[in-house]
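I have placed the structure first, in the form of structure tokens, so that the comments after it can refer back to it.
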Amino acid sequence: MSKLLLKLDSISGNNKVMVFASRIHQVKIGKEEIENYCIWNKSGLTRNYLRKTEEYELLLLCWEPGQRSSIHDHNGQRGWCYVIEGTIREEQFEFPKIPGKMKLINNPFLKQGELAHIRDDIGLHRLSNVSDDERAITLHLYVKPLERVNVFNEFTGTMREITLEYDPIAPDSYRDGSISEQVR
Ligand SMILES: [Fe+2]
């Protein structure tokens, strides 16, 4: 993990997004390297801080069986999701043009070791650990950092903006249920 952080911290100059993309495509991380960063919560998936600079944000998401995110955009930022452990379903939705049920446009499954690219012109998405009994861990890179996103109601298509937080910073607010949104 420290090698990856050094590589990401050293990126500078023009074409930074392309270099970030290249570095994340080379990533190979096993569960044993990141276990110490993981926080688990049966009542909601967790966002675990790894690094945040002016240029990028790196975090781990920890998914108990059956946990899933809200449907959300990425506020114009580029992102990548690498599956360290487990299998994640990514449901991609069309941006709602008229009020009504959200339209599913793609539904890929991301297996251990696979990488997904996230961008608003691809679509909105919702991630899920669909396993009944296996946990999942995903590594997320955003360029630039992703601090606010829009979340969407699956049935009405209405959206509202929310601020994202890390679990180590606000664990109590997640655990007492005062933050109900799960956005990744
Ligand atoms: Fe996302």
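The values are calculated or read from the model by the stated rules, or taken from the named source; none is laboratory data. This structure is a prediction, so every number in the text was calculated from the model and none was measured. Every residue, glycine among them, receives a Cβ derived from its backbone with ideal geometry; neighbour counts consider all protein chains shown.
Observations, loosely collected:
- Count of residues meeting criterion [more than 16 Å from the ligand (Cβ to nearest atom) and hydroxyl-bearing (Ser, Thr, Tyr)] in segment 67-93: 1
- Residue that is among the basic types (Lys, Arg), in a helix (DSSP H, G or I) and either more than 22 Å from Pro108 (Cβ to Cβ) or touching a strand residue (DSSP E or B) at 6+ places or on another chain (Cβ under 8 Å) (or both), where the choices are Arg23, Arg47: Arg23
- Glu91 satisfies every condition listed in (1) out of contact with any Leu (no Cβ under 7 Å at 6 or more places or on another chain); (2) outside any loop (DSSP other than H, G, I, E, B) except (1).
- Looking only at segment 55-66, and only at residues there that are among the charged types (D, E, K, R) and more than 14 Å from the ligand (Cβ to nearest atom), the one that is nearest to Val19 (Cα to Cα): Glu55
- Of all residues in segment 94-114, exactly one satisfies the criterion of being within 28 Å of Cys38 (Cβ to Cβ), within 16 Å of the ligand (Cβ to nearest atom) and surrounded by 15 or more Cβ atoms within 10 Å (Cβ to Cβ), namely Leu110.
- When segment 33-46 is filtered for residues that are under 24 Å from Ser22 (Cα atoms) and either among the aliphatic types (A, V, I, L, M) or crowded, with 17+ Cβ neighbours inside 10 Å (or both), only Ile34 remains.
- Qualifying residue in segment 143-158 (condition: at positive phi and either modelled with pLDDT under 95 or more than 13 Å from the ligand (Cβ to nearest atom) (or both)): yes
- Residue in segment 120-128 that is surrounded by fewer than 15 Cβ atoms within 10 Å (Cβ to Cβ), hydrophobic (A, V, I, L, M, F, W, C) and more than 16 Å from the ligand (Cβ to nearest atom) present: no
- Search result, residues across segment 132-171 that are assigned to a loop (DSSP other than H, G, I, E, B) and either within 14 Å of the chain's Cα centre (by Cα) or buried (at least 17 other Cβ atoms within 10 Å of the Cβ) (or both): Lys144, Pro145, Leu146, Glu147, Gly157, Leu164, Glu165, Tyr166, Asp167
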